[in-house]
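Below is one structure, written out as structure tokens; comments come after it.
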């Protein structure tokens, strides 16, 4: 099953705004990025809520959840911290007691520690993208591996030739600065395989032939 | 009539690759950006050719040409040069004896010179975006002003609140470096108004409310 990434990016190419803090991990203006998702049925269900709109955007999230057997994410996406865990103000991460993943999550970190169980989600801490990816593939069974972010983890997945599919949710806003999804030096061969849009967001899906 | 920009951008956000030269003004790999257009009927007609595919991509180019009454472009898009014209190895520009514009073109430069007539196109050289934009508006009559590029001219148009519409042709490729369409600091309020795609390219159209 494919390894895929799906991530929301501003029109000017950022996945987080400037000056992220523990209170505003997505930086200035960064929370606007995900506004397209908050009101959707699939998003609410994943986060333990009810109701919400059931439209093409929601079905796309639903399909991504259904095909995800394991997740790989960067340390900053997990907790916002870096360095030794003793110095991390948020060592349990900010995904709460019932994280929306409900599959094994592999967190990239140079500071390996014991796994952390939160609700139906187990976070395992792994040093290096390749090792995390192998563990995630094994854990995912016949479902796919979702490289959830942030930008650095996705860049590593691309550089490793691990990604089969890249799905960008292009949000109609400018952040004017922050963390770019693609740094200089990103390289991959891609083909546009699908476009879905609503007034709130354009979803562009690419197959990736990075191994070629 | 609206002031619009339409420009092709790589998936990683560049409008030209690294190390542009006179022979390769779009930098390393940059010519791939426009491959989606070369075989299209509307593109061929504009460049004095015949035949070509008449599909949704072609009709979009055709519509852009039809609504363009005047063009604003940066000096580098005109000739690749900078500084005094006496030092420009390409002072007549690289648009040939019959440029595809066939409407008044206003070239942004600090080095004003006499207008240059090439076929049905007159290039007028103007110091400063605001001045060029006013002249272009007057020249366009009841048609629109097309801010053709490059990145810097589009950033100036956005910053000046001059753009009403932003149309990006997202080409399915990575350039890995070069000239970014949006530098840090770009700001505008936008709404997604249209999405058209083919296997070769995704066209995203936004209305811009930069003046708001």
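Quick notes
- Among the residues of B:136-149, the average count of other protein chain beta-carbon atoms within 10 Å of the residue beta-carbon is 0.
- For region B:123-212, fraction of C-alpha pairs farther apart than 16 Å, in %: 62
- Residues A:102, B:76, A:137 in ascending order of nearby Cβ atoms (within 10 Å, fewest first): A:102, A:137, B:76.
- Across all Cα pairs in region A:66-127, the calculated P(r) in 10 Å bins from zero up to the longest distance comes to 24, 59, 16, 1 percent per bin.
- Two-site label geometry, residue B:87 and residue A:118: point separation in nm, points 7 Å out along Cα→Cβ: 5.7
- Ordered by the count of other Cβ atoms within 10 Å of each Cβ, fewest first, B:118, A:41 give B:118, A:41.
- Here region A:31-91 was treated as a single set of alpha-carbon atoms; its pair distances binned every 10 Å from 0 give 20, 35, 30, 14, 1 percent.
- Using equal-weight Cα scatterers in the Debye expression, the normalised intensity of region B:67-170 in log10 at q = 0.16, 0.21 Å⁻¹ is -0.64, -1.12.
- Principal axes of the protein assembly as shown: Cα extent on each, largest first, Å: 73, 45, 40
- Taking each DSSP H run with n ≥ 4 as -39500 (n - 2.57) and averaging over every residue of chain B yields -5500 deg cm²/dmol at 222 nm.
- Neighbouring Cβ atoms from other chains, within 10 Å of the Cβ of residues in B:161-170, number 1 on average.
- Förster-model FRET efficiency, 22 Å R0, residue A:64 and residue A:97, C-beta, rounded to 0.05: 0.45
- Ranked A:184, A:97, criterion: other C-beta atoms within 10 Å, fewest first: A:97, A:184
- Alpha carbon centroid spacing (whole Å) that separates region A:1-68 from region A:146-192: 15
- With N the number of residues in region B:141-187, Rg(Cα) / (2.2 N^0.38 Å) evaluates to 1.30.
- Pairwise Cα inverse-distance average, inverted: Kirkwood Rh of chain A (Å): 17.4
- Shielding by partners for peptide B:1-12, expressed as the average number of C-beta atoms from other protein chains within 10 Å of each residue's C-beta, is 2.
- Working from label points 7 Å from Cα in the Cα-to-Cβ sense, the residue A:31 to residue B:34 distance is 4.4 nm.
- Dimensions of region A:1-118 along the principal axes, based on C-alpha atoms and rounded to the nearest Å, stand at 43, 31, 28, largest first.
- Distance from region B:69-124 to region A:90-136 (C-alpha centre basis), Å: 56
No value in this document is a laboratory result; all are computed from the given coordinates. Just so we're clear, the structure is a prediction, and the values are computed from it rather than from any experiment. Positions of Cβ are backbone-derived with ideal geometry, glycine not excepted, and every protein chain shown enters the neighbour counts.
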